[in-house]
Structure formats: structure tokens, C-alpha cells
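Data first, discussion second: the structure below is written as C-alpha cells.
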Protein chains: 2
Amino acid sequence: MHNVIMKIEHLHQLIWMSRPLMQAAEACVEAGLVGTDLTVRMRAVLEMLDKYGEQTVPEIAARLEIKRQYVQIMCNETRESGFIEQRANPRHKRSPIMALTDLGRTVIEDIISSELTLMEEVGGDLSSEDIATALRVVHAVTDSLKQHAGERE
Amino acid sequence: MHNVIMKIEHLHQLIWMSRPLMQAAEACVEAGLVGTDLTVRMRAVLEMLDKYGEQTVPEIAARLEIKRQYVQIMCNETRESGFIEQRANPRHKRSPIMALTDLGRTVIEDIISSELTLMEEVGGDLSSEDIATALRVVHAVTDSLKQHAGERE
DNA sequence: GTCAATATGACATGCATAATGTCATTATGA
DNA sequence: TCATAATGACATTATGCATGTCATATTGAC
């Protein structure tokens, strides 16, 4: 009965579950940082360096899709805490390359590894197929919403 | 091949799609508000009153799961703009009931209706079953993450 | 090689979305 | 009645960015 209405209603709920989902995910990340000297934003910097290799501040900003000025602050903090260091950039003398220190690498890899363990626990009950479906739907919905929001600009 | 790894990888992506999804959804809401005199937070107040009927500030705060002090500010603004009005509360003389004005009701119902139309467009390509699956998965993941984050407190 | 355009770091400011703390004034309920 | 809780009002702080500006360094077109 009224299958179309159910569909729209579920879609609506799915979209607005994004906030609690994000908050829950961020809370888990934060919880995993307790005891380390990392903040969430330092963790983000380390993750980019670990995942994509050493980079400049503007490169990190592009990948995180936030402004370089803010990433600069994040990197300065991370560097003050000894998790990253600057290296000369042969391609641009004013823009040093940020690289993980040994400490930084150890810390971020520990954290990512324990986050992976968490993923396994969270995924425990769910089928591979259902997760794939969910991902596909969420992608499609996000793209569609982006398009609609963009049009009105 | 390595199905388990794919599953975890998809789950990871699904979880972190929550941020772009939320941002896209919020951008759509904002875009829909252009031209009205509503702000996003006034819209939130109106939606609660339209959906659950007239309520006090603390009740709205409980439903939005944010602090009553902030909801107070939101409601004061919304009232100054003429979208809601106060009514005497027989159950608590210091805590008036917030109610939609005719203007407020018209405005919020127009907005919700056009947002519903957007939902229909966004859902167009997707099957009812897949949306239901996605919603179920996202619910399960959120609950699981909440539990894990809570444990560490 | 010159020179305009661009990139970068550094710094300042602003803004939205809250959380937190406090106070005075009611209400409420045991 | 009286301790306790609820409420509105106000002040302060935090987080996570965006935006603007500047000086300087760098790049690329010519």
C-alpha cells in the first residue's frame, strides 16, 4: 500500500540519518584519540600523509576540500607536537613538504589499525551485499542532492 | 576475492559519506530558503511545531537533541520574525507554548512540500527495496557506532 | 630576462552551531 | 511549607570552518 510514499519517507529518513551517523562516527574517532596527544584535526593531517604520502599544505587542503588557511593551522599544530616535520620542496621553495615523523607514523598507523578493528565489529551483522547497496544508494543520493543544490546557486 | 576486505572498505566509505551527504542535504535546505525570510534554524523550529504541534522551548530542545538555551535563541528569533507566537501554558506559567502563526504555517508547509518534491526527484532512479536496505544498514551502523563510542566514556 | 600573474605562509576577522555556566524567578511535589 | 526542579535570560567559550589581506616568493608567457 502506498509504496511510493513509503519510499519517499524512507529516503527522507535515510538522508537525515546522515547527521547522527556522522556524529556517532566522529565520537568514535575522538574516543580512539583519548590517551594520545592527538586532536581530531591533527589526526586528519596524519591520515592524509599516511594515505597519500608527503605533501604540501595546499595539497592536503585540496584533498580535504577545506581552505588552505585552515589546513595551515592544522599542520602547524601537528608539527609543534612532533608528529610531522617539514622537508625542502624542490618544486616550490616557499612551500615545504610535510612528512610524517617516526612518531607520527607509529601513532597514526596504530589508530587506523584500531579503527579498522572497529569497522569489523560494526560490520559484523551486516551482509556484504547490503553494505554495497547502501553505499551505492548513498552515493547516488548525495550526487543528486549536490546537483539540485548547485542548480539554485 | 578478499570479500571481507571489500566489505570493510565499503563500510568505511559508507560511514564517511555521511559528511558529504549531510552537507549536500543542508545545502538543499538552504537553497530552498532563499527568498523567504527564514534561516535554517528558524526552519527547524517551524518544522517541529508543524510536525508535533505547539510546544514549549524545552520540549523542542528535547526533540532536536540540543540545549534549551540555544533553542530559546532560535525561538526568540523566529518569534521576532512573526512566524510563531506565544500562548499561555496552563501547565506552566513561566513557560509559554510556542505556536505557528498563520504566516508561519503557510511558510513551513510550502517549504516542506517543495522539499518533498525534491525527495521524489532524488529517489527517482532508486528502487524502493534498495532505499529500505540502505536505511536499515545506516540505522544498524549508527547504533553500533553509538554503542562503541559510549563504551569508552 | 622581464614582468605580470599566481601561489604560499602568516595573520586577522567573522560566522554558524552549538556547549556550558550562572542567575533570578517560578513552579512543582513530597 | 519548603526543598527541588524547571524555565527564561544572559554571558562566555569552543569548534570548525570561510573570508580577506599582505608581503614575498615563484612561475610562466613572452
With respect to B:SER113, is the statement that it is surrounded by 14 or more Cβ atoms within 10 Å (Cβ to Cβ) and among the polar types (S, T, N, Q) true?
no
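Here is a yes/no grid of residues against (1) among the hydroxyl-bearing types (Ser, Thr, Tyr); (2) touching an Asp or Glu at 6+ places or on another chain (Cβ under 8 Å); (3) within 10 Å of DNA strand C (Cβ to nearest atom):
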| residue | (1), (2), (3) |
| --- | --- |
| B:VAL29 | no, yes, yes |
| B:LEU38 | no, no, no |
| B:MET42 | no, yes, yes |
| B:VAL45 | no, no, no |
| B:ALA62 | no, no, no |
| B:GLU65 | no, no, yes |
| B:CYS75 | no, no, no |
| B:ARG94 | no, no, yes |
| B:ILE112 | no, yes, no |
Could you count how many residues in the stretch B:17-39 are in a helix (DSSP H, G or I) and either facing chain A (nearest Cβ under 7 Å) or surrounded by 20 or more Cβ atoms within 10 Å (Cβ to Cβ) (or both)?
11
With respect to the numbered conditions (1) part of a helix (DSSP H, G or I); (2) surrounded by 21 or more Cβ atoms within 10 Å (Cβ to Cβ); (3) not hydroxyl-bearing (Ser, Thr, Tyr), which one is the sole condition not fulfilled by B:LYS51?
(2)
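Kindly indicate which of B:GLY150, B:GLY124 is without any contact (Cβ under 8 Å) to a residue 12 or more places away in the chain and loosely packed, with under 12 Cβ neighbours inside 10 Å. Full working, then the answer.
On the way: B:GLY150 fails: loosely packed, with under 12 Cβ neighbours inside 10 Å.
On inspection, the qualifying residue turns out to be B:GLY124.
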Given the conditions (1) within 14 Å of DNA strand D (Cβ to nearest atom); (2) farther than 23 Å from A:ALA149 by Cα; (3) part of a helix (DSSP H, G or I), which single one is not true for B:HIS12?
(1)
Only one of these is under 24 Å from B:GLN13 (Cβ atoms) and within 12 Å of DNA strand C (Cβ to nearest atom): A:GLN55, A:GLN86. Name it.
A:GLN55
Return the total of residues in the stretch A:74-96 being near DNA strand D (Cβ under 8 Å from one of its atoms) and without any contact (Cβ under 8 Å) to a residue 24 or more places away in the chain.
3
Could you figure out which of (1) part of a helix (DSSP H, G or I); (2) away from chain A (no Cβ under 14 Å); (3) polar (S, T, N, Q); (4) surrounded by 15 or more Cβ atoms within 10 Å (Cβ to Cβ) isn't true of B:THR133?
(2)
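Can you pull out every residue in the stretch A:101-120 that is facing chain B (nearest Cβ under 8 Å) and either closer than 18 Å to A:LEU33 by Cβ or among the small types (Gly, Ala, Ser) (or both)?
As a first pass, look at the stretch A:101-120 and keep what is facing chain B (nearest Cβ under 8 Å): A:116, A:118-120.
Once the filter is applied, which keeps residues that are facing chain B (nearest Cβ under 8 Å) and either closer than 18 Å to A:LEU33 by Cβ or among the small types (Gly, Ala, Ser) (or both), the stretch A:101-120 yields A:LEU116, A:LEU118, A:MET119.
Taken together, the values in this text are just the output of simple stated rules run on the coordinates, not laboratory data. These figures come from a predicted structure and were not determined experimentally. Every residue, glycine among them, receives a Cβ derived from its backbone with ideal geometry; neighbour counts consider all protein chains shown.
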